[in-house]
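Some notes on the structure that comes next.
The values are calculated or read from the model by the stated rules, or taken from the named source; none is laboratory data. Every value quoted in this text rests on a predicted model; they were computed, and no experiment measured them. Positions of Cβ are generated from backbone atoms using ideal geometry, with glycine treated the same way; all protein chains shown enter the neighbour counts. Heavy atoms of the whole protein, side chains included, go into the accessibility calculation; ligands, DNA and RNA do not. Shrake-Rupley method; radii C 1.70, N 1.55, O 1.52, S 1.80 Å.
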Amino acid sequence: MFNKSKSIFFQEGELDPVGAVVEENKLLLESVLSSFNWRVGQKMDYGMLLNFGPESKQTELKYTCSLTRLSNDAEGNFVFELNRTSAVYIDEILPDLIADKLAFEVGKVFYPLHLMVDPSGELRGIANTNQIQSRWPGVKDALRSYFQGDFFEDYLQKMEKLMLHEHNIFSAINRTDWFIRVFFQPFYKLYPAQNIARRQFFPNLPTLSMQYQLIENMMPELNHFGAIELIQQGLLEQDADYGIICSGRSEAHYIFHPQTRILLAANGYWESKVEGNQVLVGLRMFYLPEEDGDFVFDYNKKIIQLHRPILVREA
């Protein structure tokens, strides 16, 4: 049932459409996510829950993290600081296998991680590569105090090569981190009435050149708790002409704050079958309000100033 009090086609306090119904509705729907408004210094905490592996034997991984908006860099990119704020739990316990423990301890070298993001919300680079490289010798020495053996030495050699070049560090993070890959997509743009497909890599795929073809649909009403909702559906199809045979599907729902347009939650799955190896990844990402914080939306409040894109400026 169409609910005027929650429609993104109506301005705050109004129960009639703004301007001509057809033309204005198109304009409003197009510009809902044209930009975001994230204040410098504002921190948002998130929880992450991943289920991955063959459908018959899934592994669960969960952790919490925080994102803080920093000042823009010299080129005008938005910069965000990403921090892990909890341990990583695998099937509800701390890592107990040597390989998992080593991966968790080595991963600490990357945080805090400063991410360069363009106005569309897409990741463009790492702003503090030099800091990551300078932290590595200390992390390596600490690892040697409680890890040893051929597996450990081989792992260190791979990390040494990775740390040599800025491109290697960016590529490793860009290919493997689900939070970064899901959060920093080019969401912030005009959404025409006729959907335009785009291509996107997700970390369940073995190479960056292998991508889902995505269609994104903006819901014409605010959802049940008053937020913007975007539905993304993907198709993965490559035949032997690409050098590798793969297929799969994906579907994800994204929830954005109705005023700031900041991404609050994502819930989706990514299915892939590459050379006969089938993998299913399920993901839930959700905003964690501060203690005693009130984050309940008023159903009667609409997205404000939809007819004018918000200009994002530094505080």
Item checked: Count - residues of the stretch 136-158 that are open to solvent by 100 Å² or more (accessible area, probe 1.4 Å) and not in a helix (DSSP H, G or I) -> 2
Note to self: Restricting to the stretch 159-183, count the residues that are open to solvent by less than 20 Å² (accessible area, probe 1.4 Å), farther than 22 Å from residue 271 by Cα and part of a helix (DSSP H, G or I).
What the structure shows: 2
Notebook entry, point to check: Out of the stretch 113-135, which residues are within 19 Å of residue 74 (Cβ to Cβ) and polar (S, T, N, Q)?
Noted result: 128, 129, 130, 131
Notebook entry, point to check: Residue check, residue 104 against (1) modelled with pLDDT of 95 or more; (2) open to solvent by 30 Å² or more (accessible area, probe 1.4 Å), all met but one. Which one?
Noted result: (1)
Next item on the list: Name the residue, out of 234, 226, that is modelled with pLDDT of 95 or more and open to solvent by less than 40 Å² (accessible area, probe 1.4 Å).
Entry: 234
Notebook entry, point to check: Among the numbered criteria (1) in contact with a helix residue (DSSP H, G or I) (Cβ under 7 Å, 6 or more places away or on another chain); (2) open to solvent by 30 Å² or more (accessible area, probe 1.4 Å); (3) within 29 Å of residue 188 (Cβ to Cβ), which single criterion is violated by residue 65?
Noted result: (2)
Notebook entry, point to check: Given the residues 137, 119, 95, which is the only one that is touching a residue at least 40 places away in the same chain (Cβ under 8 Å) and of a type outside the set (Gly, Ala, Ser)?
Noted result: 119
Note to self: Restricting to the stretch 45-94, name every residue that is over 19 Å from residue 106 (Cα atoms), under 17 Å from the mean Cα position of the chain (by Cα) and of a type in the set (Val, Ile, Thr).
What the structure shows: 68, 79
Next item on the list: Examine the stretch 184-206 for a residue that is closer than 19 Å to residue 80 by Cα and open to solvent by 60 Å² or more (accessible area, probe 1.4 Å), and state whether such a residue exists.
Entry: no
Check: Which members of the stretch 259-286 meet the condition of being touching a Gly at 6+ places or on another chain (Cβ under 6 Å), open to solvent by less than 10 Å² (accessible area, probe 1.4 Å) and over 14 Å from residue 232 (Cα atoms)?
Finding: 272
Check: Of the numbered conditions (1) within 14 Å of the chain's Cα centre (by Cα); (2) open to solvent by 20 Å² or more (accessible area, probe 1.4 Å), residue 247 satisfies every one except a single condition; which is it?
Finding: (1)
Check: Can you spot a residue in the stretch 110-126 that is surrounded by 15 or more Cβ atoms within 10 Å (Cβ to Cβ), over 19 Å from the mean Cα position of the chain (by Cα) and part of a helix (DSSP H, G or I)?
Finding: no
